[in-house]
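Dropping a structure here in structure tokens format, bear with me for questions.
Read-outs: derived from the displayed coordinates by stated rules, not from any lab. What you are looking at is a predicted structure, and each value in this text was computed from that prediction instead of being measured. A quick note on method: Cβ atoms are made from the backbone with ideal geometry, for glycine too, and the neighbour counts reach across all protein chains shown.
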Amino acid sequence: MQSRELPVEGWRKVVHFTDDAAGLSAIIAVHDATLGPGCGGCRIFPYPNFEAGLEDVKRLSRGMTYKNALGGIPFGGGKAVVFADPAKDKTPELLRAFGRAVDSLNGLYYTAEDSGVTEDDMAIIRSATTYAAGMESKGVGGNPSPFTAYGVWRGIQAAARFKFGAENLQGARTAILGVGAVGMELARLIHEQGGELIVADVNEAATAEARERFGAAIVAPEDAVAADVDIFSPCALDGSINAQTVDRLKAKIVAGAANNQLATPDMDAALHARGVLYAPDYVINAAGVISIGLEIIGQWSKEELSARIDQIGARLTEIFERGAEADRPTGAIADLMAQEVIAKGRKAA
Ligand code: NAD
């Protein structure tokens, strides 16, 4: 195994690891470690070149700094990328070599699942390092989707309370784009509270299931953003709020599970200018990282996790209130609050 530290300004540590025998080329980036070790998933992806992987790991590790800070867990931001095609190149040797790379940082970085990495892969990675989450076999953690859905549901309730003064979601209309693992469970929670649903998905079986179980109306994916609803909930892919869609939006709340819902940073201000309340994605969808954080510090229980997820609603309410007071977009307020949490951690250290 060879390692080479890359000097990247503003990052605590960025290291390129190679192990030719195992076919490993990986970058681990720890953006900020003020609140604790960098924590974030490992992505296995066939990046076209080194620069593309480096840019991705920088972007993702910085995002984890903010997400972990506002998730209320004692971790900084970290992420890893492995230059490989998960469908072709993933071998036990490669995964073990990646585990050794993580281990060589002596706890500065904790790894977890991300795209291209399965629970079985995590078990192999864990055979080479203790600095890895995903210990479902020990009865903790596990599939985060139901937790994420629960957190998004709490977030939507907080947004509806703030925007409409609504006690609950009864009679509120929500359009969910993407009824997969998270979106379908979210639909169930909204339906149980008497909310009305419109769903869209490229998978027709999924929309049919939502219609059958929750009486949801179905629209085409490209029309979900323009549905005549109170709440638009992106739960499919990145970037559903963009320069083309933002003017078609009828909902007064955007709150969903998808990562990077805003295609470009200026969409934060664009939503604010249109009077749309945006629940910042990395705050509302943080249940998965909260679960991982509790697992690593040995405090995972269903009760503790539920209590922590309930705080997502309170945290969002604070963001909404501060945004309204300062007349500033909520995404910018969330970033500011994360920076405040980190600055406080720095002072305490
Ligand atoms: P999933 O793959 O189970 O569901 C995604 C759904 O979106 C699928 O039903 C898919 O058919 C649909 N979809 C894909 N492309 C679409 C398109 N162009 N138009 C309409 N529908 C489309 O994924 P998930 O676990 O439910 O996660 C949903 C989103 O939330 C993802 O962006 C994910 O990164 C994010 N997220 C998930 C979690 C989690 O715990 N699962 C945590 C944080 C963030």
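Sort VAL202, VAL283, VAL14 by Cβ crowding within 10 Å, fewest neighbours at the top.
VAL202, VAL14, VAL283
Report the trypsin sites (Lys or Arg not before Pro) located in the range 246-332 that are in a DSSP loop and have at most 12 other Cβ atoms inside 10 Å of their Cβ, or state none.
In loop regions of the range 246-332 (DSSP not H, G, I, E or B), the sparsely surrounded trypsin sites (Lys or Arg not before Pro) are ARG274.
Along the three principal axes, how long is the range 254-335 when you take its alpha carbons, biggest first, rounded to the nearest angstrom?
For the range 254-335, the Cα extents along the three principal axes come out at 43, 26, 17 Å.
Further question on the same structure: Which of the listed residues, ALA128, ILE297, ALA216, is farthest toward the dipole's positive end in the chain, when Lys, Arg count +1 and Asp, Glu count -1 at the beta-carbon?
Checking the options against the dipole of the chain, the answer is ILE297.
Quick check on the range 1-140: what are the equivalent-ellipsoid semi-axes from the Cα gyration tensor, as sqrt(5λ), descending, whole Å?
Whole-Å semi-axes of the equivalent ellipsoid: 21, 18, 13.
Using each residue's phi in the range 64-75, evaluate 6.51 cos²θ - 1.76 cosθ + 1.60 at θ = phi - 60° and report the 3J(HN,Hα) Karplus result to the nearest Hz, with x for Gly and Pro.
Per residue, the Karplus-derived 3J(HN,Hα) values read 5, 4, 6, 5, 5, 4, 7, x, x, 10, x, 9 Hz.
Follow-up. Report D for the range 145-342 in µm² per second (integer): Stokes-Einstein, Kirkwood Rh on Cα pairs, 25 °C, 0.890 mPa s.
This corresponds to a translational diffusion coefficient of 148 µm²/s.
How long are the semi-axes of the equivalent ellipsoid of the range 160-202, taking √(5λ) for every eigenvalue λ of the Cα gyration tensor, in whole Å from largest down?
20, 10, 8
Take the cross-link list LYS13/LYS90; LYS163/LYS250; LYS13/LYS79 and give me the ones stretching past 21 Å between alpha-carbons.
Long pairs (Cα-Cα over 21 Å): LYS13/LYS90.
If one takes the longest principal axis of the Cα atoms in the chain, at what angle in degrees, from 0 to 90 and to the nearest 10, does the Cα axis of helix 92-104 lie?
80
For every helix of n ≥ 4 consecutive DSSP H residues, a contribution of -39,500 (n - 2.57) applies; sum these over the chain, divide by its total residues, and give [θ] at 222 nm rounded to the nearest 500 deg cm²/dmol.
Result for the chain, helices only: -14000 deg cm²/dmol.
Another question about this same structure. In what order do ILE290, ILE342, ILE125 fall by count of nearby beta-carbon atoms within 10 Å, going from fewest to most?
ILE342, ILE290, ILE125
Shifting gears a bit: Tell me, HIS16, HIS31 in order of fewest to most beta-carbon neighbours within 10 Å?
Going from least to most buried by this count: HIS16, HIS31.
Suppose we keep just the alpha-carbon trace of the chain; what are its Rg and Dmax in angstrom?
In order Rg, Dmax, the Cα atoms of the chain give 20.1, 61 Å.
Ok, one more. Calculate one ³J(HN,Hα) per residue across the range 214-227 by plugging θ = phi - 60° into the Karplus curve 6.51 cos²θ - 1.76 cosθ + 1.60, and present them in order as whole Hz with x for glycine and proline.
In residue order, the calculated couplings are 10, x, 6, 7, 10, 10, 5, x, 6, 9, 4, 5, 9, 5 Hz.
Could I ask something else about it? Between helix 145-164 and the chain, what is the angle of the helix's C-alpha long axis to the longest principal axis, kept within 0 to 90° and rounded to the nearest 10?
Once rounded, the angle reads 40 degrees.
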